[in-house]
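Since the structure comes first, as structure tokens, the remarks are kept for the end.
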Amino acid sequence: MYIGKAAQLSGTTVKCIRHYEKIGLLPEPRREGKYRIYSQQSVELLSFIKCAQQLGFKLKEMQAMFQNLQGDEIPWDLAQQAIQQKKHELRTQIDQLQGLHDALDSFEYSVQDARNQCRLEQSPYLEPPALA
């Protein structure tokens, strides 16, 4: 299939496909004259790349995963390892953000408490100063 059809089936763009080829993420397709011809495996790899990006993988991370890729077969074992690593990174970030959220809650409470303690109540014994 031609590049336009591969882009349509994978949910990417022709520009993305050319970029992926340029950076070595997608193997060069075979050619018929000046036209690039893509296989179903290429479409599956493109779909995988798009899905991985949507889940937070950077192109550089995928380049490392696909650096020894032969053909356009997805390296499922390496993908599984990368997914586990990404989940670990996300859990660490979530824990850090939760700690920050808790600290903000505590800070907010202490500010409200200080504000409540510092309120000057109008006392019947205190009269406002007379204006001249």
- Spot the failing condition for residue 62; the list is (1) under 25 Å from residue 4 (Cα atoms); (2) over 17 Å from the mean Cα position of the chain (by Cα); (3) at pLDDT below 90; (4) of a type in the set (A, V, I, L, M, F, W, C), and only one is missed. (2)
- By residue number, the members of the stretch 12-55 that are more than 15 Å from residue 2 (Cα to Cα), at pLDDT 90 or above and of a type in the set (Gly, Ala, Ser) are 47, 52
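If I filter the stretch 79-126 down to residues being farther than 30 Å from residue 56 by Cα and of a type in the set (Ser, Thr, Tyr), which single residue comes out as modelled with the lowest pLDDT? Break it down into steps so the answer makes sense when it comes.
To start, the set of residues in the stretch 79-126 that are farther than 30 Å from residue 56 by Cα comprises 106-126.
The next check asks that each one be of a type in the set (Ser, Thr, Tyr); those that pass are 106, 109-110, 123, 125.
On the way: 106: 92, 109: 89, 110: 89, 123: 53, 125: 57.
The extreme case among them is 123.
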- Message: Just to verify a result, which residue in the stretch 20-35, among those that are in contact (Cβ under 8 Å) with a residue 12 or more places away in the chain and in contact with an Asp or Glu (Cβ under 8 Å, 6 or more places away or on another chain), is surrounded by the most Cβ atoms within 10 Å (Cβ to Cβ)?
- Response: 26
- Do you know which residues across the stretch 39-65 are of a type in the set (S, T, N, Q) and surrounded by 14 or more Cβ atoms within 10 Å (Cβ to Cβ)? 39, 42, 47, 53, 63
- Keeping to the stretch 57-85, report how many residues are small (Gly, Ala, Ser) and under 19 Å from residue 19 (Cβ atoms). 1
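The values are calculated or read from the model by the stated rules, or taken from the named source; none is laboratory data. Given the structure is predicted, the values throughout are model-derived calculations rather than measurements. Positions of Cβ are generated from backbone atoms using ideal geometry, with glycine treated the same way; all protein chains shown enter the neighbour counts.
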